[in-house]
Amino acid sequence: MEFLYEGKAKRVFKGENENEVVIFYKDDATAFNNLKKGTIENKGIVNSKITEILYGYLEKAGIKTHLLKVIDERTHLCQRVSIIPLEVIVRNIMAGSGSKRLGIEEGSPLNSPIIEICYKKDELNDPLINDYHAISLGLATREDLDEIYRETLKINELLQEFFKKCNLTLVDFKIEFGKNSKGEIILADEISPDTCRLWDMSTGQKMDKDRFRRDLGNVEEAYLAVLQRVTKEGDQC
Ligand code: UDP
């Protein structure tokens, strides 16, 4: 397979068809814009499976995603898209850099979900921008942003509902969108404990990448527990 690109958590190859790519999920873990590096054993397997289940659930609810087929336990066949260079972040509860930036204690509830957009540029640490930047810099049009926000709020509702049934609170998450060959905006990349903050609803325990970021231990165990809960819920819907 012809190699196309290597990211922090994935390797991307050309598919047989020019409108398809093959995405391989690695075990590499990074945090704080690559300052902290490590490995989470079997993370690639766990995150690709969680993404597969969540994308299947979202597709059923009418959300278009890039996932076409599961090739093996670490590899997905996906639609080739040109990624819109925005990290779209949704916050339901204040945490992480959101808490730090606004001086609001982690765990504080919010009156309504907050959507933030960050310009995908590693060398600048993915700076927070607004719609005016995105449009003026040519990253997305007004229409693109309207569609992205509409889809993002729908995805948030659906994921909150799903994770609640897994006894997990969806604190915040990051998603990315791309444009396919037909010009449609579709959900791309992954949804996993790498990209979501998930807190156990009974104990408040962190079940996501914060265990790696903050050296809380039991990282693999937390990712596996999320996979088990998501698999059980996925089987029922
Ligand atoms: N996030 C991500 N990739 C990034 C930045 C953030 O997946 O490059 C996710 C992160 O895991 C969390 C949410 O987006 O679930 C909000 O992250 P935040 O802005 O609070 O940044 P952090 O505290 O993770 O630096």
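The values are calculated or read from the model by the stated rules, or taken from the named source; none is laboratory data. Quantities reported herein were computed from a predicted structural model and do not represent experimental measurements. Neighbour counts run over all protein chains shown; Cβ positions are idealised from the backbone, glycine included. Please note that ligands, DNA and RNA were not included when accessible areas were found on the heavy atoms of the full protein model with its side chains. Shrake-Rupley method; radii C 1.70, N 1.55, O 1.52, S 1.80 Å.
At-a-glance table
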| item | result |
| --- | --- |
| Globularity index of the range 80-213, i.e. its alpha-carbon radius of gyration over 2.2 N^0.38 Å | 1.07 |
| Karplus-derived HN-Hα couplings along the range 125-139 (A = 6.51, B = -1.76, C = 1.60, θ = phi - 60°), whole Hz, x at Gly and Pro | 6, 6, x, 5, 10, 10, 4, 4, 4, 4, 6, 5, 7, x, 7 |
| Of Asp72, Asp200, Asp27, the one that fluctuates the most in a GNM where the chain has Cα springs shorter than 10 Å | Asp72 |
| Label-point gap, in nm, between Gln236 and Arg213 - each point 7 angstrom along Cα→Cβ | 2.9 nm |
| Amide H within-cut-off set for Leu4, under 5 Å, with H built and near neighbours excluded | Val12, Phe13, Lys14 |
| Value at 222 nm in deg cm²/dmol, rounded to 500, when DSSP H runs of n ≥ 4 in the chain each add -39,500 (n - 2.57) | -10500 deg cm²/dmol |
| Carbon + sulfur, % of accessible area of the chain - ligands and nucleic acids excluded, 1.4 Å | 49 percent |
| Calculated from backbone phi, Karplus (6.51, -1.76, 1.60) coupling profile of the range 50-65 in Hz, x at Gly/Pro | 4, 4, 4, 5, 5, 5, x, 5, 5, 4, 4, 8, x, 8, 7, 10 |
| Vicinal HN-Hα couplings computed from phi for the range 78-85 (Karplus, 6.51 cos²θ - 1.76 cosθ + 1.60; Hz; Gly/Pro x) | 10, 5, 6, 10, 9, 5, 6, x |
| Glu190 accessible area, assembled protein chains, probe 1.4 Å, Å² | 10 Å² |
| Estimated inter-spin distance, Lys165 and Ser82, nm [label 7 Å along Cα→Cβ] | 3.8 nm |
| Candidates Glu16, Glu123, Glu73: whichever shows maximal mean-square fluctuation once the chain is modelled as a Gaussian network with Cα springs under 10 Å | Glu123 |
| Set of lysines with alpha-carbon distance to Lys69 below 21 Å, sequence-local pairs under 8 removed | Lys10, Lys14, Lys26, Lys43, Lys49, Lys60, Lys179, Lys182, Lys232 |
| Theoretical gain in end-to-end length, Met201 to Leu4 [0.36 nm per residue, Cα-Cα removed] | 66.9 nm |
| Nitroxide proxy distance, nm - points 7 Å out along Cα→Cβ at Arg150 and Asp131 | 1.3 nm |
| Label point 7 Å beyond Cα of Ser99 along Cβ direction - residues of the range 184-213 with amide nitrogen under 19 Å | 193-213 |
| Gyration tensor verdict on the chain (Cα atoms; rounded if a/c is under 1.5, prolate if a/b is larger than b/c, oblate otherwise) | rounded |
| Amide H contacts of Lys64 (H built 1.01 Å from N, under 5 Å, at least 5 apart or other chain) | Leu187 |
| The chain: most fluctuating residue of Leu137, Leu77, Leu145 per GNM, C-alpha cutoff 10 Å | Leu137 |
| Amide hydrogen neighbours beyond the local backbone of Leu110, cut-off 5 Å, H modeled | Met94 |
| Candidates per trypsin sites (Lys or Arg not before Pro) in the range 186-234, loop by DSSP, up to 13 other Cβ within 10 Å | Arg214 |
